[in-house]
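The structure under discussion appears below in the form of structure tokens.
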Amino acid sequence: MIATIEPEGIARIAADAASEKQATDVVLLDVRNSCSFADFFVVCSGDSERQLVAIWEEIVDMLRLNDVQVLHKEGAGSGWLLADYGSVVVHVFSPEEREYYQIESLWKDAIPVLRMQ
């Protein structure tokens, strides 16, 4: 089934799901003006590999319940889990990996839509 939820709605569901699993520093970025392959990024952190997986699984499950299917996923065991929903890309980082890759700095022209501590 094709998702009928707009990209920002998909991103907000993902951000809320991450927050439900106690993700830290959850950020929803509008990257439409600076990115050719996505409209929104959701970036968040978890304190352990177990928490990263729990956050990531909650996001995938909540979006699946809303008939939104993940197109691609990767990163198990790396400290950076990624779920690609086409117009929305979700990044779940360990604090160390998030500091190293600095996604928010790479996409500094992105517009912050939501930030949850």
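Given an 8 Å cut-off on Cα distances and at least 6 residues of separation, report the relative contact order of segment 7-110 as a percent.
Details: 197 pairs, mean separation 31.2, N = 104.
So the answer I get is 30 percent.
Qualifying chymotrypsin sites (Phe, Trp or Tyr not before Pro) in segment 31-91, where qualification requires a DSSP coil assignment and no more than 10 other C-beta atoms within 10 Å, comprise F37.
Under a point-charge model restricted to the Cβ atoms of Lys and Arg (+1) and Asp and Glu (-1), what is the dipole moment magnitude of the chain relative to its Cα centre, in debye to the nearest 20? Walk me through the numbers on the way to the answer.
Details: 9 positive and 20 negative charges, 19 e Å.
The dipole of the chain has a size of about 100 debye.
When Lys and Arg each count +1 and Asp and Glu each count -1, what net charge do the other residues less than 12 Å away from V68, Cβ to Cβ, add up to?
Values: positive: R12, R64; negative: E6, D61, D67, D84.
Net of charged neighbours comes to -2.
Report the antiparallel proportion of the DSSP beta bridges in segment 7-110 as a percent, rounded to a multiple of 5. So the antiparallel bridges in segment 7-110 amount to around 70 percent. For segment 16-27, the Karplus equation 6.51 cos²θ - 1.76 cosθ + 1.60, evaluated at θ = phi - 60°, returns couplings of 5, 5, 4, 4, 4, 9, 6, 4, 9, 6, 7, 10 Hz by residue, with Gly and Pro reported as x. Remark: I111, I10 ranked as I111, I10, counting other beta-carbon atoms within 10 Å and listing the fewest first.
Read-outs throughout are calculated quantities, based only on the coordinates presented, and are distinct from any laboratory measurement. Everything numeric here is computed off the predicted structure, so don't read it as measured data. All Cβ positions, glycine included, derive from the backbone under ideal geometry; neighbour counts span all protein chains shown.
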